[in-house]
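Here, each number is a calculation from the coordinates, and none is a lab measurement. Remember, predicted model here, so these are calculated numbers, not experimental data. Neighbour counts are summed over all protein chains in view; Cβ atoms, including those assigned to glycine, are modelled from backbone coordinates with ideal geometry.
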Amino acid sequence: GKSKSMYMNLTGEFITAQEAMDWGLVAKVVPADELLDEVLKIGKIIHSKGRISTMLIKDAVNAANELPLSEGLKYERQLFRSLFATEDQKEGMAAFLEKRSPDFKGK
């Protein structure tokens, strides 16, 4: 939050990876020698998702920091509804019903 940011910026004090994790500044901590493998693994997972929905998720999360809760929820619903106009949404639903991996095209 703001107080931790203020503290770090005003003191110039370094924090450990674990402190960054505890403070919510990072999502995950891994040993340095496992970093590249972990980044590639997470990248592969994200890449397997629909490109359009991934972009809209990032947009919704980023907007949440700038909007009041009610506006953020309204914006999220608007983005969610827009996905129903995509071919990827239809492919995702078909893949789910057919119990197979989706083949998203970014359309």
Just from its helices, what would the mean residue ellipticity at 222 nm be for the chain, if runs of 4 or more DSSP H residues each count -39500 (n - 2.57) and the sum is divided by every residue, rounded to the nearest 500 deg cm²/dmol?
-20000 deg cm²/dmol
Within the P(r) computed for segment 42-92, what percentage of the Cα pairs occupies the region above 15 Å?
50
Which labelled figure in (i) -0.25, -0.30, -0.42, -0.90; (ii) -0.48, -0.57, -0.75, -1.08; (iii) -0.29, -0.35, -0.49, -1.01 is log10 I(q)/I(0) by the Debye sum over Cα atoms at q = 0.10, 0.11, 0.13, 0.19 Å⁻¹, once derived from the coordinates
(ii)
As an exercise, identify the trypsin sites (Lys or Arg not before Pro) in segment 3-43 lying in DSSP coil whose Cβ has no more than 11 other Cβ atoms within 10 Å.
K28
In this structure, among K2/K49; K41/K74; K2/K105; K58/K90; K44/K99, pairs with alpha-carbon gaps over 29 Å are K2/K49; K41/K74; K2/K105
Which chymotrypsin sites (Phe, Trp or Tyr not before Pro) from segment 66-107 combine a DSSP loop assignment with at most 11 other Cβ atoms within 10 Å?
F84
So which residue, out of M93, M21, M55, gets the largest mean-square fluctuation from a GNM of the chain using Cα contacts under 10 Å as springs?
M21
Aspartates and glutamates whose Cα lies under 17 Å from that of K4, excluding same-chain neighbours fewer than 8 positions away:
E13, E19, D22
